[in-house]
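One structure is given below, encoded as structure tokens.
The values are calculated or read from the model by the stated rules, or taken from the named source; none is laboratory data. Just so we're clear, the structure is a prediction, and the values are computed from it rather than from any experiment. Every residue, glycine as well, gets a Cβ built from its backbone with ideal geometry; the counts of neighbours run over all protein chains shown.
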Amino acid sequence: MASSALPAPSVVAVAVAVAFAMWPDLIQKAKGGGLDVVQTYVFWNGHEPSPGQYYFEGRYDLVRFIKLVKQAGLYVHLRIGPYVCAEWNFGGFPVWLKYVPGISFRTDNQPFKASVVLLEMQKFTTKIVDMMKSEGLFEWQGGPIILSQIENEFGPLEWDQGEPSKAYASWAANMAIALNTGVPWIMCKEDDAPDPIINTCNGFYCDWFSPNKPHKPTMWTEAWTAWYTGFGVPVPHRPVEDLAYGVAKFIQKGGSFVNYYMYHGGTNFGRTAGGPFVATSYDYDAPIDEYGLLREPKWGHLKELHRAIKLCEPALVAGDPIISSLGKAQKSSVFRSSTGACAAFLENKDKLSYARVSFSGMHYDLPPWSISILPDCKTTVFNTARVGSQISQMKMEWAGGLTWQSYNEEINSYSEEEAFTAVGLLEQINMTRDNTDYLWYTTYVDVAKNEQFLTSGKSPKLTVMSAGHALHVFVNGQLTGTVYGSVEDPKLTYTGSVKLWAGSNTISCLSIAVGLPNVGEHFETWNAGILGPVILYGLNEGRRDLTWQKWTYQVGLKGEAMSLHSLSGSSSVEWGEPVQKQPLTWYKKIYPTVPSFQAFFNAPDGDEPLALDMNSMGKGQIWINGQGIGRYWPGYKAPGTCGYCDYRGEYDETKCQTNCGDSSQRWYHVPRAWLNPTGNLLVIFEEMGGDPSEISMVKRTRGSVCADVSEWQPSMTNWRTKDYEKAKVHLQCDHGRKITEVKFASFGTPQGSCGSYSEGGCHAHKSYDIFWKNCINQEHCAVSVVPEVFGGDPCPGTMKRAVVEVMCG
Ligand SMILES: *[C@@H]1O[C@H](CO)[C@@H](O)[C@H](O)[C@H]1NC(C)=O
């Protein structure tokens with residue numbers, strides 16, 4: 001890698017975040033987008049669910065995934081970790097590791113403590129490396145793996161913690177090196193990675209980054225395509241103009257390996273999302289969306305960027321650029337090889353204005369906050385801010401309603417042998433070992449007949465303090481309140497009036513974990529559950545502290561113990577008419593028209609990806625045919641107002657957001673591969689109360705397809721012969737659909753964005769006819785953006801664009 005310095009834009013595919021039937025298609029789409037390397041993490045907690053018990057089946061079949069990447073002709077960067085962060089449950093550490101006595105993660109603790117975690121880490125890393133070797137998957141064996149990672153973003157912790165951390169980092173480095181993989185190891189965000197380990201950069205931009213030795217290649221292991229989604233948080237998006245600008249900036253300063261994080265992020269199925277409060281969707285606004293469909297123009301624009309960079313390759317690999325100023329905020333970076341190859345990057349980092357620059361005796365117009373790429377030092381084949389590729393507006397198309405039966409998860413339903421009693425409050429994860437999100441805390445309160453509140457009408461007040469993450473409080477079987485923490489702070493306090501009666505009262509609190517932490521200093525020590533105090537106010541005695549009385553505990557739900565999500569479990573109980581707005585309710589889908597298949601539903605036809613619209617529900621979990629689809633939580637609305645997004649200027653994850661005032665996640669991906677043609681079992685557990693009659697199955701399809709192409713849009717076709725094609729509009733439907741309608745077309749100076757275009761002062765009257773003639777009933781069509789095509793120039797001397805919106809049907 002170091003010597004060839006081949007620009008290798010590559011991709012992160014978190015292999016297990018997708019149903020494995022999707023892998024070949026995703027890998028092809030990555031290849032189609034111009035990538036060379038697929039990067040994946042290795043998820044320790046997925047592969048070693050209990051000590052020494054390994055799992056490499058189904059979507060955890062790492063060898064199969066790597067072999068598929070090889071078959072597609074791509075390379076692999078294997079990020080073993082084993083700490084991976086990744087917004088994944090516990091950062092990839094198995095929860096059992098936390099309960100090894102005296103343990104402390106990612107540090108060099110006392111030998112008697114340290115030996116266990118470090119040995120476990122070494123054992124797992126060795127296991128993975130040996131597995132790759134025995135399958136012949138390293139590059140020198142003819143396999144695709146060209147790079148491996150040990151640890152993950154450890155530098156910042158080392159900075160905070162000092163000596164023991166430094167010792168641990170060098171232990172991890174030496175441990176990895178001793179495994180003799182025959183390919184380089186990298187450590188990301190680890191400035192003092194010891195030789196020969198290569199330190200690499202993660203971030204929104206990495207053009208500021210240089211490795212710690214001049215002979216190491218400059219590598220960007222995570223170019224963030226946007227950011228993850230949290231429950232109760234607006235959804236982040238990153239404009240592709242800015243992402244392409246960031247990548248071009250990195251290449252123009254001599255960067256040699258760019259990996260998108262995420263290129264495809266997929267879905268955190270089941271209970272694999274970390275956080276707490278990381279959503280089930282790990283879409284990440286990535287070029288391939290959560291459902292495996294191309295996100296355009298992001299995918300298409302990056303594909304053009306990759307082509308442009310690869311055209312520069314003969315000059316790029318020759319050495320460092322010569323940088324010259326072209327203006328106050330403009331510069332050129334020129335790469336030249338001894339054999340005469342020349343490539344130039346012209347940058348305008350002005351956040352507001354266009355710039356006209358002079359370079360090698362020619363004039364170039366540079367949009368604000370952009371880079372033009374000239375693979376021959378003359379011809380602009382790409383500008384990061386001029387997006388010529390098609391824009392697709394995806395929509396969720398109704399594909400069937402669902403009718404339900406319900407089953408009530410009774411409060412305090414546990415049997416003697418499942419429950420246990422202790423004095424005081426117990427930490428939740430210690431009790432559940434993360435085998436379930438749920439832990440019941442129940443206690444009893446005796447109220448004397450002479451309590452004044454019984455006659456005064458002034459209800460007592462209950463306060464419950466919890467380390468997180470969500471809590472439902474039931475008093476005498478009635479839900480009296482729901483509280484939850486947030487991405488910033490998982491802790492919560494319930495305060496509310498409670499209806500108590502004379503005699504014995506039951507206070508039952510259902511504490512819910514929403515993914516274990518995946519990042520932060522010693523995140524393994526972070527607690528969950530009710531740790532108190534729990535206090536009742538307004539009795540004759542004033543305040544009664546319930547913290548240290550007897551509490552009864554039940555790990556998990558009764559429905560979980562009965563496996564209601566499975567075929568056998570669901571048929572073991574009597575389901576009733578569906579109830580609405582009832583907390584703690586299990587729902588089972590019944591197919592409305594075929595009584596003999598009461599419990600099941602059929603897969604919608606076609607091959608579009610599917611999702612469940614859960615907007616009418618509160619919070620809970622979904623299973624299909626026994627597979628965990630994930631946690632849903634449309635009841636948690638994101639605050640704030642989402643403003644207009646301008647690609648220009650420094651990006652961070654709060655800059656461009658949607659879903660303010662709305663659910664962070666409304667739709668939940670149901671992989672087609674998990675459905676049978678008929679007879680599917682869909683089970684939901686709703687905690688807060690919702691309206692299941694509004695749940696529907698939807699298909700994800702393209703709604704409108706748009707394009708917005710300037711007359712001077714750089715085009716790459718035959719650029720070497722200078723015979724390059726004029727700018728062209730390309731429109732493409734998918735899933736065999738055809739263009740059925742031209743909703744808008746204008747060659748001139750139209751305004752607006754896809755879905756809301758309008759004509760400007762200049763408009764060629766034939767615009768609509770031309771697109772109609774060329775595109776209707778076609779899966780794909782192309783129209784050149786030149787005045788002759790549109791019956792002459794409607795406004796000579798003005799720069800014109802062709803803008804079109806069509807529907808695929
Ligand atoms: C877990 O619970 C057990 C039994 O209650 C207790 O002895 C132990 O200290 C707890 N461990 C942690 C880490 O909280």
Inset, instruction - Would you point out the residue of the range 427-439, among those that are surrounded by 16 or more Cβ atoms within 10 Å (Cβ to Cβ), in a loop (DSSP other than H, G, I, E, B) and at negative phi, that is nearest to the ligand (Cβ to nearest atom)? - result: THR436
Inset, instruction - Answer with yes or no whether ASN450 is more than 16 Å from the ligand (Cβ to nearest atom) and surrounded by fewer than 16 Cβ atoms within 10 Å (Cβ to Cβ). - result: yes
Inset, instruction - Identify, by number, the condition in (1) of a type outside the set (Phe, Trp, Tyr); (2) over 16 Å from PHE43 (Cβ atoms); (3) within 16 Å of the ligand (Cβ to nearest atom) that GLU139 doesn't meet. - result: (3)
Legend entry - Whichever residue in the range 764-809 is at pLDDT 95 or above and among the hydroxyl-bearing types (Ser, Thr, Tyr) and, among such residues, is nearest to LYS728 (Cα to Cα): SER767
Inset, instruction - For the range 30-47, state whether one or more residues are under 22 Å from GLY270 (Cα atoms), free of Cβ contacts under 8 Å to residues at least 40 places away in the same chain, of a type outside the set (A, V, I, L, M, F, W, C) and in a strand (DSSP E or B). - result: yes
Legend entry - Within the range 311-350, considering residues that are of a type outside the set (Gly, Ala, Ser), in a loop (DSSP other than H, G, I, E, B) and at pLDDT 95 or above, the one nearest to THR384 (Cα to Cα): LYS349
Inset, instruction - Pick out the one residue from VAL84, VAL116 that is within 16 Å of the ligand (Cβ to nearest atom) and at pLDDT below 95. - result: VAL116
Inset, instruction - Specify the residue that is surrounded by the fewest Cβ atoms within 10 Å (Cβ to Cβ); the eligible residues are those in the range 518-573 that are in contact (Cβ under 8 Å) with a residue 60 or more places away in the chain and on the phi > 0 side of the Ramachandran plot. - result: HIS522
Inset, instruction - Hey, can you tell me all the residues within the range 753-776 that are part of a loop (DSSP other than H, G, I, E, B) and out of contact with any strand residue (DSSP E or B) (no Cβ under 7 Å at 6 or more places or on another chain)? - result: SER753, SER756, GLY761, HIS765, LYS766
Inset, instruction - State all residues of the range 212-253 that are touching a Cys at 6+ places or on another chain (Cβ under 6 Å) and surrounded by fewer than 24 Cβ atoms within 10 Å (Cβ to Cβ); if no residue qualifies, say none. - result: PRO234, HIS237
Inset, instruction - For the range 410-423, indicate whether the set of residues that are touching a residue at least 12 places away in the same chain (Cβ under 8 Å), within 16 Å of the ligand (Cβ to nearest atom) and surrounded by 14 or more Cβ atoms within 10 Å (Cβ to Cβ) is non-empty. - result: yes
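Rundown of residues vs (1) out of contact with any Phe, Trp or Tyr (no Cβ under 8 Å at 6 or more places or on another chain); (2) polar (S, T, N, Q); (3) under 22 Å from CYS188 (Cα atoms), yes/no style:
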{"position": "VAL117", "(1), (2), (3)": "no, no, yes"}
{"position": "SER134", "(1), (2), (3)": "yes, yes, no"}
{"position": "LEU137", "(1), (2), (3)": "yes, no, no"}
{"position": "ILE145", "(1), (2), (3)": "no, no, yes"}
{"position": "ILE150", "(1), (2), (3)": "no, no, yes"}
{"position": "GLU153", "(1), (2), (3)": "yes, no, yes"}
{"position": "LEU157", "(1), (2), (3)": "yes, no, yes"}
{"position": "GLN161", "(1), (2), (3)": "yes, yes, yes"}
{"position": "PRO164", "(1), (2), (3)": "yes, no, yes"}
Legend entry - First in the range 395-406 and farther than 26 Å from VAL806 by Cα, second anywhere and of a type outside the set (Val, Ile, Thr) and exposed (fewer than 14 other Cβ atoms within 10 Å of the Cβ), Cβ under 7 Å, 6 or more apart: THR403/PRO592; GLN405/GLY576; SER406/GLY576
Inset, instruction - Could you tell me whether LEU471 is farther than 14 Å from LEU425 by Cβ, surrounded by 14 or more Cβ atoms within 10 Å (Cβ to Cβ) and away from the ligand (no atom under 16 Å from the Cβ)? - result: no
